[in-house]
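Here the structure is laid out as structure tokens; the discussion comes afterwards.
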Amino acid sequence: MAWLQAHWIALTLIAGYGALIFRHALEGRRGTKGRTDYYIGGRSMGGAVLGLSFFATYSSTNSFVGFSGQAYTYGAPWLLLAPIVVVFSLSAWLWIAPRLRAFTGAVDSVTLADYVGFRFESNIARSLAALIVISASFLYMIAVFKGVGSLLEIFLDIPYVAAIWFVFVVVMLYTAVGGFISVVKTDAVQGVVMVFAAILLFWGTVNSAGGIGAIESIRDAELTSELFRWDAAMPFPVLIGIIVAGTLKFIVDPRQLSRFYALADKRAVRVGLFASTAAFLVVYTILMPIGLYAHGVLGSGLTDSDLVVPTLLGNADILPALPAAFVLVAMLAAAMSSLDSVLLVMASTWERDVISVIRNVDEKHVVKETRRWVAVFALITALLAVRPPASIVTLTAFSGSLYAACFFPAVVFGLFWKRGTGAGAVASLLLGALVLLVWDFSPYGASVHEVFPAMALSSLAYIGLALSRPPLAASSRLDSKLN
């Protein structure tokens, strides 16, 4: 009873939010007539809802708990994440979205892996791409589960493992039932909620630290002055690598790219660009300094930056009960907006690019089987998240690095350059992953982030093999569709 009295506001908001997402799940189920509807909303969705979904899908608890608290240990250079996020988001909408939407519509592509297979006319490249997507997705989902589990554990006084299983059940059910339509509708609401939550969190933290000007005293204090150097926590090139690895996902991450598959037309692209960019600009500009200001509230005794934001929310002096509960629900929404998208990508990739390649699956049964895979992948990730192998930012950055190193050549060169071969695509996928795994053992592992050499070498492999053969037929179809 005492626990209910202490947390009734948060529990009421969570219940209301739960009712909303299950309503969207039922709407998504009614709107799903086949595979294309379940995977990418029938390629008929508007720009505003997809732009907000694009923002919300990226801005999970990794952002609200991991990224916003990371300046606590990484220092002022971490604030560069905000402008870089905006630049990469704009780049994705301006250059990737129109061409990817046109090509995938022309060849009936519904996953990143089948885009690779169709573009390079290679089932080997398609299957390899599918395995990379699923592996990277596991890492990212573990990070999200860790963030939301830590948040609920501190704020609601429930065991971490219980929090993991609660999130597992909710996300698995509404994703499996509603598919892409449900996911995007829920994401759009979550995106708006996250904007207000970021404002509240920033306002509460800065006020408790002593106002905007408190940053000067934090900079001058003996224990925190080092945080304002370019090499505050690590060599600057390594820090930039971490940031780039986390933001390049805008143009190579299948859960982000799937929003482009679903765009109805060119006008939807323009509207989505505006909605997404505005949300990123506002939210990330005010989230990134929170870790620095936290030194003025919590002191410098925390050893894990992932606990900064949960600790702030658990402090009644920072935000009153109702605003704090609202921010908690927003962060729960942030987690679910990423988990649902990643789950759907994993399940659709596995069904479309592994199972259906091995055996013929009747179109009538594709959606049913994909729903089952949503449940399976959610369960596996929840089990792994009980004992997460690394911090939120580490897991997120490595997942992003894997996408960037492996898929940058296939996505960017594949869309903008006629040349390209199946062998080149396979080589770039394999070499990108290999370099990423072994770079830390090289003499330069401590001074240069692995994403840069991995991307460079995978790109060189792609280009070298592309020059050895004439353009493929798929490239000509892409050009004719765009011109």
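The values are calculated or read from the model by the stated rules, or taken from the named source; none is laboratory data. A quick note: this is a predicted structure, and the numbers were derived from the prediction, not measured. Quick reminder, even Gly has a Cβ in these numbers, built from the backbone with ideal geometry, and neighbours come from all protein chains shown.
For the stretch 395-422, the set of residues classified as surrounded by fewer than 21 Cβ atoms within 10 Å (Cβ to Cβ), part of a helix (DSSP H, G or I) and without any contact (Cβ under 8 Å) to a residue 60 or more places away in the chain consists of Phe413 only.
The single condition among (1) of a type outside the set (D, E, K, R); (2) farther than 30 Å from Tyr293 by Cβ; (3) crowded, with 23+ Cβ neighbours inside 10 Å that Phe55 does not satisfy is (2). Being under 27 Å from Ser305 (Cβ atoms), in a helix (DSSP H, G or I), in contact (Cβ under 8 Å) with a residue 24 or more places away in the chain and out of contact with any helix residue (DSSP H, G or I) (no Cβ under 6 Å at 6 or more places or on another chain) is a condition met by at least one residue of the stretch 60-68.
Could you tell me whether any residue of the stretch 34-51 is surrounded by 24 or more Cβ atoms within 10 Å (Cβ to Cβ) and under 23 Å from Ala197 (Cβ atoms)? Yes, the conditions are met somewhere in the stretch 34-51.
Residues in the stretch 143-158 that are touching a Leu at 6+ places or on another chain (Cβ under 9 Å) and closer than 11 Å to Ala335 by Cα: how many? Number satisfying all stated conditions: 6.
Taking the conditions (1) closer than 17 Å to Ser399 by Cα; (2) surrounded by fewer than 18 Cβ atoms within 10 Å (Cβ to Cβ) in turn, Asp253 satisfies each one other than (2).
Yes or no, residue by residue, for (1) modelled with pLDDT under 90; (2) within 18 Å of the chain's Cα centre (by Cα); (3) not aromatic (Phe, Trp, Tyr):
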site	(1), (2), (3)
Phe67	yes, yes, no
Ala92	no, yes, yes
Phe103	yes, no, no
Val116	no, no, yes
Ala125	no, no, yes
Val133	no, yes, yes
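Criterion first (modelled with pLDDT under 90 and in contact with a Lys or Arg (Cβ under 7 Å, 6 or more places away or on another chain)) does Ser337 satisfy it? Taking the combined requirement at face value, the residue does not satisfy it. Look at (1) over 26 Å from Gly432 (Cβ atoms); (2) at pLDDT 85 or above and you find that Leu156 fails only one, number (2).
Mind checking whether some residue in the stretch 69-76 is in a helix (DSSP H, G or I) and either over 25 Å from Leu223 (Cβ atoms) or of a type in the set (Lys, Arg) (or both)? No - not one qualifying residue is present in the stretch 69-76.
Reported count of residues in the stretch 99-140, each being buried (at least 22 other Cβ atoms within 10 Å of the Cβ), over 23 Å from Ser401 (Cβ atoms) and β-branched (Val, Ile, Thr), is 2.
Considering only residues that are of a type in the set (A, V, I, L, M) and crowded, with 24+ Cβ neighbours inside 10 Å, which ones fall in the stretch 61-80? Within the stretch 61-80, Val65, Ala71 qualify.
Would a scan of the stretch 375-386 turn up a residue that is under 27 Å from Ser63 (Cα atoms), of a type in the set (A, V, I, L, M, F, W, C), touching a residue at least 24 places away in the same chain (Cβ under 8 Å) and not in a helix (DSSP H, G or I)? Within the stretch 375-386, one or more residues are under 27 Å from Ser63 (Cα atoms), of a type in the set (A, V, I, L, M, F, W, C), touching a residue at least 24 places away in the same chain (Cβ under 8 Å) and not in a helix (DSSP H, G or I). Pairing residues of the stretch 232-254 that are closer than 22 Å to Ile96 by Cα with residues that are among the polar types (S, T, N, Q) and assigned to a loop (DSSP other than H, G, I, E, B), at Cβ distances under 7 Å and at least 6 apart in sequence or on separate chains, gives Pro254/Thr111.
Of the residues examined, Ala466 is one that is touching a Lys or Arg at 6+ places or on another chain (Cβ under 9 Å) and of a type outside the set (Val, Ile, Thr).
Contact annotation: residue pairs with Cβ atoms under 6 Å, 6 or more positions apart or on different chains, pairing a residue in the stretch 358-371 that is closer than 12 Å to Arg35 by Cβ and at pLDDT 75 or above with a partner that is surrounded by 10 or more Cβ atoms within 10 Å (Cβ to Cβ) and aromatic (Phe, Trp, Tyr), are Val367/Tyr38. Quick one: is Ser276 under 20 Å from Val107 (Cβ atoms), out of contact with any Leu (no Cβ under 6 Å at 6 or more places or on another chain), buried (at least 24 other Cβ atoms within 10 Å of the Cβ) and among the polar types (S, T, N, Q)? It is false that Ser276 is under 20 Å from Val107 (Cβ atoms), out of contact with any Leu (no Cβ under 6 Å at 6 or more places or on another chain), buried (at least 24 other Cβ atoms within 10 Å of the Cβ) and among the polar types (S, T, N, Q).
Confirm whether Val170 is under 21 Å from the mean Cα position of the chain (by Cα) and outside any loop (DSSP other than H, G, I, E, B). The answer is yes for Val170. Among the listed residues Leu156, Leu79, identify the single one that is closer than 30 Å to Ala2 by Cα, in contact with a helix residue (DSSP H, G or I) (Cβ under 9 Å, 6 or more places away or on another chain) and in contact (Cβ under 8 Å) with a residue 12 or more places away in the chain. Just a single option satisfies the conditions, and that option is Leu156. Of everything in the stretch 9-18 that's hydrophobic (A, V, I, L, M, F, W, C) and either over 13 Å from Asp157 (Cβ atoms) or loosely packed, with under 12 Cβ neighbours inside 10 Å (or both), which residue is modelled with the highest pLDDT? Top of the filtered list is Ala15.
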